[in-house]
Amino acid sequence: GAGVSQSPRYKVAKRGQDVALRCDPISGHVSLFWYQQALGQGPEFLTYFQNEAQLDKSGLPSDRFFAERPEGSVSTLKIQRTQQEDSAVYLCASSFYGRLYEQYFGPGTRLTVT
Amino acid sequence: DAKTTQPNSMESNEEEPVHLPCNHSTISGTDYIHWYRQLPSQGPEYVIHGLTSNVNNRMASLAIAEDRKSSTLILHRATLRDAAVYYCILRRQGAQKLVFGQGTRLTINP
């Protein structure tokens, strides 16, 4: 079946621009996560949704980062006024509620801020 | 979050078993041990998880020490496709997020 999809796969933004990254989770997956992965590092947690409710946003690095999942399916991660340190791969993952041990990851969006 | 320690890199040969170690000396009683792997240019992929007993699935086996302060992921017969970064992660019961470390980069020689 279809896995988690993310778009765009690559994004180049000039410093100061706003970007929006989209995640389509696996159908029926209640839980959705965003992670940020810097080059050569492991992924770092950003935020977690259960259906449309954002239950944990403790990992968002600043108030320039905003995530939403208004209808409990597709999610968007928005970064305002991008800075060079935002350059990373942004990964989305989804899972069945109650099976949080098995998160299904998308291929990621590689963001490069110039 | 309890910390895990893994070797930075390991190398093995195709069709041989691979034992990937992980130390987690500060593990608590409600911490589950998870293994994920990340192939080049892909998102991480769930491999296996366990609490106290050894676990087997179609991908791998997880051997957990009796004191739970260490564990070993076992790939029984490595293929070139198993070349990846392997992450050992502790997740407290009820917690949602995964806390990744640096992982072990596994190289498989043909």
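The values are calculated or read from the model by the stated rules, or taken from the named source; none is laboratory data. Here the structure is a predicted model, which means the values were calculated and not measured. Please note: Cβ atoms are built from the backbone with ideal geometry, for glycine as well, and neighbour counts cover all protein chains shown.
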From the set of residues in segment A:71-114 that are in contact with a His (Cβ under 7 Å, 6 or more places away or on another chain) and part of a loop (DSSP other than H, G, I, E, B), which is farthest from A:PHE49 (Cα to Cα)? A:TYR101
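Does segment B:55-110 hold any residues that are more than 13 Å from chain A (Cβ to nearest Cβ) and within 12 Å of B:GLN6 (Cβ to Cβ), and which are they?
First, the residues of segment B:55-110 that are more than 13 Å from chain A (Cβ to nearest Cβ): B:56, B:58, B:60-61, B:63-83, B:106-110.
Result: B:SER70, B:SER71, B:THR72, B:LEU73, B:LEU106.
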What residue, among those in segment A:5-38 that are part of a strand (DSSP E or B) and more than 23 Å from A:GLU71 (Cβ to Cβ), is farthest from the other protein chains (Cβ to nearest Cβ)? A:ALA13
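Name the residues in segment A:6-29 that are among the aliphatic types (A, V, I, L, M) and modelled with pLDDT under 95, would you? Give the derivation first.
Within segment A:6-29, the subset among the aliphatic types (A, V, I, L, M) is A:12-13, A:19-21, A:26.
Selection gives nothing.
Yes/no per residue for (1) touching a residue at least 12 places away in the same chain (Cβ under 8 Å); (2) out of contact with any Ser or Thr (no Cβ under 8 Å at 6 or more places or on another chain); (3) closer than 16 Å to A:TYR101 by Cα; (4) buried (at least 16 other Cβ atoms within 10 Å of the Cβ):
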residue: B:TYR36; (1), (2), (3), (4): yes, yes, yes, yes
residue: B:LEU39; (1), (2), (3), (4): yes, yes, no, no
residue: B:VAL47; (1), (2), (3), (4): yes, yes, yes, yes
residue: B:LEU51; (1), (2), (3), (4): yes, yes, yes, no
residue: B:VAL55; (1), (2), (3), (4): no, no, yes, yes
residue: B:LEU62; (1), (2), (3), (4): yes, no, yes, yes
residue: B:GLU66; (1), (2), (3), (4): no, yes, no, no
residue: B:SER71; (1), (2), (3), (4): yes, yes, no, yes
residue: B:ALA83; (1), (2), (3), (4): yes, no, no, yes
Step by step: first the residues of segment A:94-114, then only those that are touching a Leu at 6+ places or on another chain (Cβ under 7 Å) and closer than 21 Å to B:VAL47 by Cβ, then the one that is nearest to the other protein chains (Cβ to nearest Cβ). Which residue is that? A:PHE105
Determine whether A:ALA2 is away from every other protein chain (no Cβ under 11 Å) and either surrounded by 14 or more Cβ atoms within 10 Å (Cβ to Cβ) or not in a strand (DSSP E or B) (or both). yes
